[in-house]
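The values are calculated or read from the model by the stated rules, or taken from the named source; none is laboratory data. Keep in mind the model is a prediction, meaning the values are calculated, not measured. Methodologically, a virtual Cβ is constructed for each residue, glycine included, from the backbone with ideal geometry; neighbour enumeration extends over all protein chains shown. Surface accessibility is based on the protein's heavy atoms, side chains included, excluding ligands, DNA and RNA. Shrake-Rupley method; radii C 1.70, N 1.55, O 1.52, S 1.80 Å.
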Amino acid sequence: GENVEQHPSTLSVQEGDSAVIKCTYSDSASNYFPWYKQELGKRPQLIIDIRSNVGEKKDQRIAVTLNKTAKHFSLHITETQPEDSAVYFCAASFESGGYQKVTFGTGTKLQVIP
Amino acid sequence: DAGVTQSPTHLIKTRGQQVTLRCSPKSGHDTVSWYQQALGQGPQFIFQYYEEEERQRGNFPDRFSGHQFPNYSSELNVNALLLGDSALYLCASSQGETQYFGPGTRLLVL
């Protein structure tokens, strides 16, 4: 089955700096890659996603890049703010038998220091 | 437009007991997936329901079972609870590839 590795497990940055979280996946059939943000005690919230026919996607301070050949994708947060502090999960998904199979990474705890 | 809802929010049980968790999907969504999230870990896929049938399952024992109703809401049942079943149980609904999560039910097994 699919295996998703996520690094780093923890990340501390100064407010205003950039943060980068990287994920690798094993199954070349994966074609959809969402990123979720989970604040303490709250539900995972979708913040951005990318499909395999796209190499990069940007939404304000958040961007995701995908390298299909190397089977890795990354989340980039620029101009970090204290409210960006949370756990971030990547996921890889592919369609099998008419439904999506989703595998999550182990998470990155991001701390933005004011 | 209501998002995904789950009940109860918290639950305390003892070993050997049985528990039922409930999920109502986002309006317009027909697929419900259940995940177990242990502290400090990513969500682990339990199973997925579509058209009232379980159509894929993760590596969880048969003690974990579920159901989907005609209105697309779903239940997760866990029998013979173990201490290791203590976790946050998340429900996610979808129609297509994007999943939206509910707030979760935090289960503590003593």
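What to note about this one:
- Residues that are part of a loop (DSSP other than H, G, I, E, B), open to solvent by 40 Å² or more (accessible area, probe 1.4 Å) and of a type outside the set (Asp, Glu), drawn from the stretch B:87-110: B:Gln95, B:Gly96, B:Pro103, B:Leu110
- Scan of the stretch B:20-56 for residues that are surrounded by fewer than 18 Cβ atoms within 10 Å (Cβ to Cβ) and in contact (Cβ under 8 Å) with a residue 12 or more places away in the chain, ordered by number: B:Thr20, B:Arg22, B:Ser27, B:Gly28, B:Asp30, B:Ala38, B:Leu39, B:Gln44, B:Glu51, B:Glu52, B:Glu53, B:Glu54
- In the set (1) closer than 22 Å to B:Ala38 by Cα; (2) in contact with a Leu (Cβ under 8 Å, 6 or more places away or on another chain), the condition left unmet by A:Ala91 is number (2).
- Under the condition of being more than 12 Å from B:Cys23 (Cβ to Cβ), more than 9 Å from every other protein chain (Cβ to nearest Cβ) and of a type in the set (Ser, Thr, Tyr), the residues counted in the stretch B:80-110 number 1.
- Single residue of the stretch B:79-110 satisfying the filter (touching a residue at least 60 places away in the same chain (Cβ under 8 Å) and of a type in the set (Gly, Ala, Ser)) that is nearest to B:Gly16 (Cα to Cα): B:Ala80
- Filtered residues of the stretch A:59-112 (kept if among the acidic types (Asp, Glu) and more than 8 Å from chain B (Cβ to nearest Cβ)): A:Asp59, A:Glu79, A:Glu83, A:Asp84
- Of the strands (runs of 3 or more DSSP E) that lie entirely inside the stretch B:7-71, those containing 3 or more residues that are under 11 Å from the mean Cα position of the chain (by Cα) span B:19-24, B:31-37, B:44-50, B:64-68.
- Of the residues examined, B:Leu76 is one that is assigned to a strand (DSSP E or B) and free of Cβ contacts under 8 Å to residues at least 60 places away in the same chain.
- Odd one out for B:Leu82 among (1) more than 11 Å from the chain's Cα centre (by Cα); (2) buried (at least 16 other Cβ atoms within 10 Å of the Cβ): (2)
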